[in-house]
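These notes are about the structure you will find just below.
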Amino acid sequence: MKFGIHNPSWLFGTEPAGIFDAVKAKAQWAENHGFAWFSVMDHLIQIANVGAPDEPFVEGWTILTALAAVTERIRLATLVSSVHFRNPAHLAKIAAGVDQISRGRLTFGIGAGWFEAEYKQYGWDFPPKPATRIAQMEEAIKLILALWSEPRTTFHGKYFHAENAILEPKPVQKPHPPLMIGGGGEQLTLRAVARYANACNVGGTPDQVRHKFEVLRRHCETQKRNYDEVERTNVIGFVLARDEAALAAKRQRLEVPTQFMGFAGTVAQVTDLIGKYKDAGSQLLISSAWRNDLETIELLAADVMPAFAEG
């Protein structure tokens, strides 16, 4: 089982000027402590289950490009980019650039979008029907894959188009960077994974994740796709401490909400939980730490991950 770090919060002290130095140090630390993955959110404002809407929030592809230049081995991704924030042909160009800068370490994360508040603030249209947004995502994927592989691309879709478009240089990875679709919608999103993606990302309890993977397996069978070709990942937030007393103190100090959407536990409890995700079929567990709590990821690396080392 592999492990990754997700960075959903940009609260690193009080000075915005220190944000990049802090996230750079975090990504480099993850790279040097056994993590295979580092991702950031592609939002414009903070989402409700992570923090306040007026928190500092850095644009995802900007920070990913910078991290590509200051890391060497770790895989980088947005988890995940909304199809609506950028013209998909332009997004293909941005992603190809990040793959070049990172020397082939990009995983291209894309989703159908859901956070209507940021659409309204930034002036984008928000299609109210999930089916419409998912159809737009699928069409965008077709265009992006074409741009990454064809000398020139002409594409006339229902939602997007390109005319004799040149994208050079192409991504380093061949035939293209791995494509991850985020979301667990059983009828449409996981069907899109089976059609196009190299990886999926879902959330939920181990039983919920197991169920989503079984739904994906059925979609793969319908699409005549090898289920094992799709990397199965899940994402979860942690608050981690060595024992119950330390955990109680940390919950109070960090103001962890009673309805925390992740998991607050001891080393033993988190190890047991991750074992359940592994048994459910997860191959890459992508974790975040509430309010960038350094001890949480330190304990994860030192005391939890060794239990899942292969060999």
Inset, instruction - List the aspartates and glutamates whose Cα lies under 18 Å from the Cα of K129, skipping any in the same chain that are fewer than 8 positions away. - result: E116, E118, E138, E139, E186
Legend entry - Loop GluC sites (Glu not before Pro), segment 1-103, which have at most 13 other Cβ atoms in a 10 Å radius of their Cβ (DSSP): E59, E72
Legend entry - Probe 1.4 Å - accessible area at R75, Å² to nearest ten: 60
Legend entry - Rounded FRET efficiency, nearest 0.05, which uses the C-beta distance separating Y159 from E214 and R0 of 25 Å: 0.20
Legend entry - Crossing angle, helix 60-70 versus the chain [Cα axis fit, 0-90 degrees, rounded to tens]: 70
Inset, instruction - Report Rg(Cα)/(2.2 N^0.38 Å) for segment 192-309, keeping two decimals. - result: 1.19
Inset, instruction - Considering only S149, S39, S288, give the residue with the highest GNM mean-square fluctuation for the chain, with springs between Cα atoms whenever their separation is below 10 Å. - result: S149
Inset, instruction - Using 0.36 nm per residue of separation minus the Cα-Cα distance, give me the extension gain between E186 and E72 in nm, one decimal. - result: 37.4 nm
Inset, instruction - Keeping all protein chains in position, work out how much accessible area T14 exposes to a 1.4 Å probe, and write it in Å² to the nearest 10. - result: 130
Legend entry - Residues listed by number, segment 198-212, amide nitrogen under 16 Å from A307 label point at 7 Å toward C-beta: 206
Legend entry - Inter-centroid distance (Cα atoms) of segment 122-165 relative to segment 8-33, Å: 33
Inset, instruction - Using a 1.4 Å probe over the heavy atoms of the protein chains, calculate the carbon and sulfur portion of the accessible area of the chain as a whole percent. - result: 52
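Accessible area per residue of segment 56-161 at 1.4 Å probe, in Å²?
43
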Inset, instruction - Return one number: the angle in degrees, 0 to 90 and rounded to the nearest 10, between the long axis of the Cα atoms of helix 244-253 and the longest principal axis of the Cα atoms of the chain. - result: 60
Legend entry - Choice from Y227, Y196, Y159 showing the highest fluctuation, given a GNM over the chain with Cα pairs closer than 10 Å: Y159
Inset, instruction - Treating the angle as unsigned and between 0 and 90°, give the value, to the nearest 10°, between the Cα long axis of helix 130-149 and the longest Cα principal axis of the chain. - result: 70
Inset, instruction - With an 8 Å cut-off on Cα pairs and a minimum separation of 6 or more residues, tell me the relative contact order of the chain in percent. - result: 17
Inset, instruction - Over segment 207-311, give the accessible area per residue in Å² for a 1.4 Å probe, as an integer. - result: 52
Legend entry - Residue among K276, K158, K93 with the largest mean-square fluctuation in a Gaussian network model of the chain, springs linking Cα atoms under 10 Å: K158
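The values are calculated or read from the model by the stated rules, or taken from the named source; none is laboratory data. Just so it is clear, the model here is predicted, and its values are computed rather than measured. Counting neighbours? That spans all protein chains shown, and the Cβs are built from the backbone with ideal geometry, glycine included. Just the protein is used for accessible areas: all its heavy atoms, side chains included, with ligands, DNA and RNA removed. Shrake-Rupley method; radii C 1.70, N 1.55, O 1.52, S 1.80 Å.
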